[in-house]
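Notes to accompany the following structure.
The values are calculated or read from the model by the stated rules, or taken from the named source; none is laboratory data. This one's a predicted model, so the numbers in the text were calculated from it and none came from an experiment. Counting neighbours? That spans all protein chains shown, and the Cβs are built from the backbone with ideal geometry, glycine included. Note: accessible area is taken over every heavy atom of the protein model, side chains too, but ligands, DNA and RNA are not part of it. Shrake-Rupley method; radii C 1.70, N 1.55, O 1.52, S 1.80 Å.
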Amino acid sequence: MKFDLSHKDSKSSARAGSITTDHGVIQTPIFMPVGTAGSVKAVHQRELKDDIKAQIILGNTYHLYLRPGLDIIGEAGGLHKFNGWDGPILTDSGGYQVYSLSGTRKIKEDGVTFMSHIDGSRHTFTPENVMDIQRRIGADIIMAFDECTPYPCEYTYARESMEMTHRWLDRCCKRFDETESLYGYQQTLFPIVQGSVYPDLRKQSAEAIAAFGREGNAIGGLSVGEPAEKMYEMTSLVCDILPSDKPRYLMGVGTPANILECIALGIDMFDCVMPTRNARNGMLFTTQGIINIRNEKWKNDLNPIDPELGGYVSTFYSRAYLRHLIHSKEILGAQIASIHNLTFYLWLVGQAREHIIAGDFAIWKEKMTKTVSQRL
Ligand SMILES: CNc1nc2c(CCNCC3CCCC3)c3nc(N)[nH]c(=O)c3cc2[nH]1
């Protein structure tokens, strides 16, 4: 995997670059649609590629391991062959999902024992087997097995959790470096910075993670309920320590305003379930602001969803029609809203990239942050 930095903003830490993987090039800053169980909910691969212009999508070790399981994914020749997405894929390691999904879980030094949220069966994830699982799923970028430190938490808990994540990272690197890709293309391991909202722990974790010298670095333990100011403070502190010649991935972030702010702080990669999850209950992000399509006010609005955005669904379908579909729980409603929101998120980061290259990102960001956050 290669990262080329092409432009740096003069008035912020924003930068534009490109990540080259064996499944294609990713232009940064980038938003990565979440495809938890091997599919971006309600969206076809062709729509992801042609309409949304997605460049990389996410999968999830926890979900894919439990269902459909590694046998069929391995038989297919990896997730790209199984789901038909031939671009880059990143898989999260399952640490966060066990913490947020499976009711009963026990975190021990060796790993995490949990009960499947699907059938109650018991499983154990360790740094080693999570590397083997992600090798078999075959994502181009795989994440280290970490503990996403819950928020809020005591300083001592945050420190112990961070230190365990560092020990687990050491075990991940050993296992990853002594195993091969199964499908003939290269895979890359990203470590994850923790440290909760404590500046000294964040500094310590960023320095420890940077010392591993991996080809990209992630920031975890944020967007877990902390105030946005805390998210920005920790992100800024960590970005100043992580090497500038490697991509920086801020996990689980965020709203359009969060993304613009964190691009300015030096983040290159983002993922969030918001555009797809909120779409299904009618929250639309548009170039003019946020539309809650379920609201009475859109009942007779026959204008296109978002004529400025371009793209098929946002210009072909009206607000009144989409409101009707969402209210009637028509499957087409989820499809249109999901494609629209993802198109918006990719448009937003694409615009950020263009303004970084043009040299007026800081001014553009201030104006755009206000626009995208206003409620219509
Ligand atoms: C929403 N906020 C948030 N998400 C976090 C996530 C998940 C990021 N999204 C992954 C995709 C979702 C399904 C498919 C993959 C985190 N993941 C890890 N491993 N560690 C975190 O500290 C971590 C922290 C996170 N904070």
Study note, to complete from the structure: the chain, Kirkwood Rh and Cα Rg, ratio Rg/Rh at 0.96
Revision key, fill the gap. The size of the Cβ-based charge dipole (Lys, Arg +1; Asp, Glu -1) of region 237-364 about the Cα centre, to the nearest 20 debye, is 620 debye
Review point. For the chain, what proportion of DSSP beta bridges, expressed in % and rounded to the nearest 5, is antiparallel?
Key: 50 percent
Revision key, fill the gap. In vacuo Debye sum over C-alpha of region 236-312, base-10 log of normalised intensity I(q)/I(0) at q = 0.13, 0.22, 0.24 Å⁻¹, listed in q order, is -0.54, -1.03, -1.14
Review point. What does the charge count near Pro247 come to, summing +1 for each Lys or Arg and -1 for each Asp or Glu among other residues with Cβ under 15 Å from its Cβ?
Key: +1
Review point. Using the Kirkwood radius built from alpha carbon pairs, what does the Stokes-Einstein equation give as D for region 274-376 at 37 °C and 0.692 mPa s, in µm² per second?
Key: 237 µm²/s
Study note, to complete from the structure: Ranking His117, His44 from most to least accessible area with a 1.4 Å probe gives His44, His117
Study note, to complete from the structure: With +1 at each Lys and Arg Cβ and -1 at each Asp and Glu Cβ, the charge dipole magnitude of region 137-224 around its Cα centre, to the nearest 20 debye, comes out at 80 debye
Exercise for review: State the Cα centre-to-centre distance between region 54-131 and region 2-25 in whole Å.
Suggested key: 29 Å
Review point. Helix 199-211 versus the longest principal axis of the chain: what is the Cα-based angle in degrees, 0 to 90, to the nearest 10?
Key: 70 degrees
**Study point:** Residues of region 26-154: accessible area per residue with a 1.4 Å probe, Å²
**Key:** 38 Å²
Point to revise | Per residue value of the accessible surface for region 274-376 (all protein chains in place, 1.4 Å probe), Å² | key: 47 Å²
Practice item. Enumerate the calculated ³J(HN,Hα) couplings along region 152-164 in order (Karplus 6.51 cos²θ - 1.76 cosθ + 1.60, θ = phi - 60°), each rounded to whole Hz, writing x wherever the residue is Gly or Pro. Key: x, 8, 5, 4, 5, 4, 4, 5, 5, 5, 4, 5, 5
Review point. Given a 1.4 Å probe and every protein chain left where it sits, what share in percent of the accessible area of the chain is carbon and sulfur?
Key: 51 percent
Exercise for review: Enumerate the calculated ³J(HN,Hα) couplings along region 297-307 in order (Karplus 6.51 cos²θ - 1.76 cosθ + 1.60, θ = phi - 60°), each rounded to whole Hz, writing x wherever the residue is Gly or Pro.
Suggested key: 4, 9, 4, 10, 8, 8, 6, x, 3, 7, x
Revision key, fill the gap. Computed for the chain: size of charge dipole around the Cα centre, +1 on C-beta of each Lys and Arg, -1 on C-beta of each Asp and Glu, debye to nearest 20, value 980 debye
Practice item. Return the Rg/Rh value of region 1-134, two decimal places, where both radii are evaluated on C-alpha atoms and Rh is the Kirkwood radius. Key: 1.03
Point to revise | Where the Cα pairs of region 144-284 fall when distances are cut into 10 Å bins, in % | key: 12, 40, 33, 14, 1
Check your understanding: At a probe size of 1.4 Å, how large is the accessible area of Asp71, to the nearest 10 Å²?
Key -> 120 Å²
